[in-house]
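Asker: Handing you a structure now.
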Amino acid sequence: MSKIEFYQKEVKTWFLDPKDSFMEKELQFELRKDFLTGHVSRILPFRRRKQSEHETPLEVLEASRKDCPFCPDKIFGLTPKFVSDFAPEGRIRRGKAVLFPNSFPYSRYNWVVVLSDEHVIPLDCISKEILRDGFLVAQEGIEKVRLKEPALQYCSINWNYFPQSGGGLFHPHIQVVIEGSPTSSHQKVLEGLRKYRKERGSFFWEDYLLEEIQIGKRYLGKQGKIHFLIAFSPRGVLGEIVVLFSERGLMSDLIMDDWEDLSQGLIKIFRFFKSQSIESFNLAIFSGNDEGVPSWVYARLCPRMYFPPWSTSDINYFEKLHDEVICGVTPEELCKELQPFFHENKDLI
């Protein structure tokens, strides 16, 4: 018997359709609830719209390049430095990745990692090396804080890619947050882990992963110890991808192979996005344990979009104020579409 309940409820509604001489029409959608956190999604596959092919106009990109503080000719004059006892040279570098403090911090330790010299990198041109070096330099900074202030164990690596995701600059960059307590989203996960362990006597992430592998409808596959799945109750209008770092309890446990495996998996996902004319996403990697309750490092990735013809945001009152998501694709359908990209043997960049 399954330890995890995948709650879903079909709901029907009716109206007289003006597009069909006001004949009665029945529509069906689905309510889903995440077992761990209670998060609710409303799956409306009849609302799905394939993104039309879209490229940001060249004049917009050129205008954004002109004042970009992350481009090579400006980055070392316009970005902040660390205090000398944290990083004697002011910034931390690895390959082309550069780590420095956020000019507009919203956490005690809040940093930016510029990933590349290039002002714009299309999704299907992001390389494994660019991703790996960016994640590694972020981890290096996180490890410095861990050794200096071990109580600040809750950290995340975050990415807004392109304006649809809330990204303020086109130049590819990620952000690091380190605090002494988890964010609200992370706290709900940790509370769920504690409750599950108390009631079921086992580790949720292990049970969940095994269950999804056995079901097979939402499990994408793995790279090394990194597992990729489609969320049962997604947090985005285009669905959500969950990444589990099995046997890795904290960010400090991750080794270079883990970052390379994550990067390879992300590149495959980005190729799928490109095929669907999706050019934007949000990514967050979470680390930190509740006292006495283990966790794994995990990540969430949501593709983002504008709705034509007015470039309307994909976030509305239901998500912003009711904390429920209206999703236009079933997780099982998304998994089926993404799997060929995930399992292709094409050499990665």
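Asker: For the structure I just gave you, tell me whether residue 253 is surrounded by fewer than 19 Cβ atoms within 10 Å (Cβ to Cβ) and modelled with pLDDT of 95 or more. Please lay out each step first, then the result.
Answerer: Numbers: surrounded by fewer than 19 Cβ atoms within 10 Å (Cβ to Cβ): yes; modelled with pLDDT of 95 or more: yes.
In short, yes.
Asker: Could I ask something else about it? Looking at the structure I just gave you, is residue 186 surrounded by 21 or more Cβ atoms within 10 Å (Cβ to Cβ), in the same structural domain as residue 114 (by TED's automatic domain parsing), part of a helix (DSSP H, G or I) and in contact with a strand residue (DSSP E or B) (Cβ under 8 Å, 6 or more places away or on another chain)? Don't jump to the end; show me each part of the working.
Answerer: Numbers: surrounded by 21 or more Cβ atoms within 10 Å (Cβ to Cβ): yes; in the same structural domain as residue 114 (by TED's automatic domain parsing): yes; part of a helix (DSSP H, G or I): yes; in contact with a strand residue (DSSP E or B) (Cβ under 8 Å, 6 or more places away or on another chain): yes.
Yes; evaluated as a whole, the condition is true for this residue.
Asker: Would you mind stating whether residue 217 is at negative phi, in a loop (DSSP other than H, G, I, E, B) and modelled with pLDDT of 95 or more?
Answerer: On the way: at negative phi: yes; in a loop (DSSP other than H, G, I, E, B): yes; modelled with pLDDT of 95 or more: yes.
Yes.
Asker: Still on this structure, I have one more. Considering only residues of region 157-178 that are aromatic (Phe, Trp, Tyr) and part of a strand (DSSP E or B), which is surrounded by the most Cβ atoms within 10 Å (Cβ to Cβ)?
Answerer: Here the residue is 161.
Asker: Next up: Do we find that residue 321 is surrounded by fewer than 19 Cβ atoms within 10 Å (Cβ to Cβ) and at negative phi in this structure?
Answerer: The answer is yes for residue 321.
Asker: Further, regarding this structure: Show the residue pairs that are 6+ apart or on different chains and have beta-carbon atoms under 6 Å apart, the first residue being within region 275-299 and farther than 22 Å from residue 181 by Cα, the second being modelled with pLDDT of 90 or more and among the charged types (D, E, K, R).
Answerer: Between residues of region 275-299 that are farther than 22 Å from residue 181 by Cα and residues that are modelled with pLDDT of 90 or more and among the charged types (D, E, K, R), the close pairs are 280/304; 281/304.
Asker: Let me ask you something else. Within region 264-274, identify whether any single residue is surrounded by fewer than 20 Cβ atoms within 10 Å (Cβ to Cβ), in the same structural domain as residue 319 (by TED's automatic domain parsing), over 15 Å from the mean Cα position of the chain (by Cα) and at pLDDT below 95, and answer yes or no.
Answerer: The answer is yes; a qualifying residue exists.
The values are calculated or read from the model by the stated rules, or taken from the named source; none is laboratory data. Only a predicted model underlies this, so the values are computations on that prediction, with no experimental measurement involved. Methodologically, a virtual Cβ is constructed for each residue, glycine included, from the backbone with ideal geometry; neighbour enumeration extends over all protein chains shown.
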